[in-house]
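The values are calculated or read from the model by the stated rules, or taken from the named source; none is laboratory data. None of these values were measured; they are calculated from a predicted model. Glycine gets a Cβ as well: all are built from the backbone with ideal geometry, and neighbour counts include every protein chain shown.
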Amino acid sequence: MRSIYAICVMAIFFVGCTAEQLKQASQQLGGILEDDKLTADQVASGLKEALIKGTSTGANQASKVDGYFKNPQLKIPFPPDVKKVETKLRQIGLGNQVDKFVLTLNRGAEEAAKEAAPIFVSAIKGMTVQDAWGILKGDDNAATNYLKRQTSNQLRGSFKPVIKRALDKTQATKYYSDVINTYNKIPFVDQVNPNLDDYATQKAIDGLFILIAKEEKNIRENPIARTTELLKKVFSQQ
């Protein structure tokens, strides 16, 4: 069962291969694919569809109102490296200001998630057949983990301006400045000014990967999640 799924995962990446790489991979897989009565093109298309569906579904879930804020796994808290700011402000009765910032911070992540799917789709299309071999022995979230390892830096660079615009749009940046400025005016405290964009970008990406891993596992294990005939055909071979 795992071997058939692993072969399917590898086949998706034929799109990015040279003719020689495709020939070598096809020779290794040809007999098994023939026995399963699935062509390499079918398997490649099916797995590509599955991964794109997983990333798109994850991004769509995250981009809904409260997609981050009311999901305990995704909710972005006050930056932990300046936790003392939150603690101090709550002590002096300014907890409402902190809560308002946390809400707008998560709203910013939800807004940014609307633009995440194309970034992930581009990363999927950029995978090679050699990359796929590393997934063959992987777990149920092997493809997600590969995306995380190989694309995080690229995603961070692409996603940071998106999250910055979203934070500005939801006024999270303004509230953050208000919170930090209020804290810095308290006598005898050490001044703080951490980078909100970096923090929010990383937390937003982490949340997306959580949802993508969940969807990948769901598609693999749950026949109901295979919403097209091609997905059903490919994954019925597991």
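The table below gives the values:
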| item | result |
| --- | --- |
| Within the range 204-229, considering residues that are hydrophobic (A, V, I, L, M, F, W, C) and farther than 15 Å from Q73 by Cβ, the one surrounded by the fewest Cβ atoms within 10 Å (Cβ to Cβ) | I224 |
| Some residue of the range 99-109 being at pLDDT below 90, acidic (D, E) and surrounded by fewer than 19 Cβ atoms within 10 Å (Cβ to Cβ) | no |
| Of the criteria (1) within 17 Å of I212 (Cβ to Cβ); (2) among the acidic types (D, E); (3) at pLDDT 85 or above, which one E115 fails | (3) |
| Exclusive hit being in contact with a helix residue (DSSP H, G or I) (Cβ under 7 Å, 6 or more places away or on another chain) and either in contact (Cβ under 8 Å) with a residue 12 or more places away in the chain or more than 16 Å from T55 (Cβ to Cβ) (or both), set V121, V102, V82 | V121 |
| Selected residue (only one of A44, A50 is under 21 Å from the mean Cα position of the chain (by Cα), at pLDDT below 85 and surrounded by 12 or more Cβ atoms within 10 Å (Cβ to Cβ)) | A50 |
| Whichever residue in the range 158-203 is assigned to a loop (DSSP other than H, G, I, E, B) and touching a helix residue (DSSP H, G or I) at 6+ places or on another chain (Cβ under 7 Å) and, among such residues, is surrounded by the most Cβ atoms within 10 Å (Cβ to Cβ) | T170 |
| Residues of the range 178-192 classified as more than 17 Å from G95 (Cβ to Cβ) and aromatic (F, W, Y), total | 1 |
